[in-house]
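Inspection log for the structure reproduced underneath, given as structure tokens.
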Amino acid sequence: MASENIFDFTNKVVVITGGARGIGKCIGEQFQKYGAMLCVIDLLDNDYFVGDLAEKETLEKFANKVISDFGHVDYLINNAAPKMCGIENGSYEDFEYALKVGVTAPFYLTKLFAPYFNKGGCVINISSSRDRMSQPETESYTAAKGGIAALTHALAVSLAGKVRVNSISPGWIDNNYTVYEGADAIQQPVGRVGNPMDIANMALYLCSDMAGFITGENVCIDGGMTRLMIYHGDHGWTLDEK
């Protein structure tokens, strides 16, 4: 006997920023697989809307197009990745641009769509495990991801009873589905590097009725990487000091 689909998004309208490649594209494809109608905004070519999320006028034009085309929104996935720069080489403009794409755009799109969300509407913000850990010279990206994680619970409270708002914090996700071995794999307790489907599955779940009691939450999907304590000399791990 064929298994029954656990998701049904027939005729639901899903908006995805940065949906032309990588995680965003995978999420969009999965929603379409289960019947949703897709509205993408990206700097890269796509079938719906090409534009810069850092520009207020672009956000307004995009939102107006979505509402003109469909009249409502069911799910908003704020996925577009902010620019990464650091304290040494990043300029004021670089950092400001990253926050516009990574925090301001998700806030403003949520505001623009707020009157048009259908009952059961959801916002999913794509943060990062970098909202709790860092590498050198990643200040703009890390700040934007930390900002959107905090924005999530603020929006969940403000939109209580109208729209559920949650965030997902991916760890190491390889958009090319590369299979890694050795240290790259075993530094993650599940034994592998992640792929876009790991994030798409959670986005589908959080937008489904099964997650109706979840809002204001941040779900870290990183294979346990942020839970693994690593000490110099422990289990073969060594620090290469330069």
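Just so it is clear, none of the values below were taken in a lab; they were calculated from the coordinates. Everything numeric here is computed off the predicted structure, so don't read it as measured data. Neighbour counts run over all protein chains shown; Cβ positions are idealised from the backbone, glycine included.
Listed values, structure above:
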| read-out | value |
| --- | --- |
| Folded to 0 to 90 degrees: helix 196-207 orientation relative to the chain principal axis, Cα | 40 |
| Per-residue HN-Hα couplings for the stretch 164-175 [Karplus 6.51, -1.76, 1.60; θ = phi - 60°; Hz; x = Gly/Pro] | 7, 10, 9, 10, 10, 10, x, x, 6, 10, 9, 5 |
| The stretch 181-208 residues near the modelled Glu29 label - backbone nitrogen below 19 Å, point 7 Å along Cα→Cβ | 193-205 |
| Among the listed pairs Lys65/Lys119; Lys12/Lys119; Lys12/Lys100; Lys33/Lys162, those beyond 19 Å (Cα-Cα) | Lys65/Lys119; Lys12/Lys100; Lys33/Lys162 |
| Phi-based couplings in Hz for the stretch 9-25 (Karplus 6.51, -1.76, 1.60; Gly and Pro marked x) | 10, 4, 6, 6, 9, 10, 9, 10, 8, x, x, 8, 7, x, 4, x, 5 |
| Note, ³J(HN,Hα) from phi for the stretch 33-46, Karplus 6.51, -1.76, 1.60, rounded to Hz, x at Gly and Pro | 4, 9, x, 6, 9, 10, 10, 10, 10, 7, 5, 7, 4, 7 |
| Within straight-line cross-link reach of Lys25, aspartates and glutamates at Cα separation under 16 Å, skipping those fewer than 8 residues along the same chain | Asp42, Asp45, Asp47, Asp174, Asp198 |
| Calculated [θ] (222 nm, deg cm²/dmol) that DSSP helices of n ≥ 4 give over the chain, each run adding -39,500 (n - 2.57) | -10000 deg cm²/dmol |
| From the coordinates shown, volume of the Cα convex hull per residue in Å³ corresponds to which of [x] 130; [y] 164; [z] 150 | [z] |
| Neighbour cut-off at most 16 other Cβ (10 Å), DSSP loop, trypsin sites (Lys or Arg not before Pro), the stretch 81-173 | Arg132, Lys162 |
| Cross-link reach list, aspartates and glutamates versus Lys111, counting only Cα pairs under 12 Å and skipping chain neighbours closer than eight places | Glu60 |
| Inter-site label distance for Lys111 and Trp237 at 7 Å from Cα along Cβ, in nm | 4.2 |
| Stretchable slack from Ser134 to Ile186, in nm (0.36 nm times residue separation minus alpha-carbon distance) | 16.8 nm |
| Loop chymotrypsin sites (Phe, Trp or Tyr not before Pro), the stretch 157-210, which have at most 13 other Cβ atoms in a 10 Å radius of their Cβ (DSSP) | Tyr177 |
| Electrostatic dipole magnitude of the chain [Cβ: Lys, Arg +1; Asp, Glu -1; Cα centre; debye, to 20] | 780 |
| Charged-residue dipole, Cβ positions (Lys, Arg, Asp, Glu), the stretch 135-235 about Cα centre, Debye nearest 20 | 440 |
| Positive-pole candidate from Gly71, Gly51, Thr110, dipole of the chain, charges at beta carbon | Gly71 |
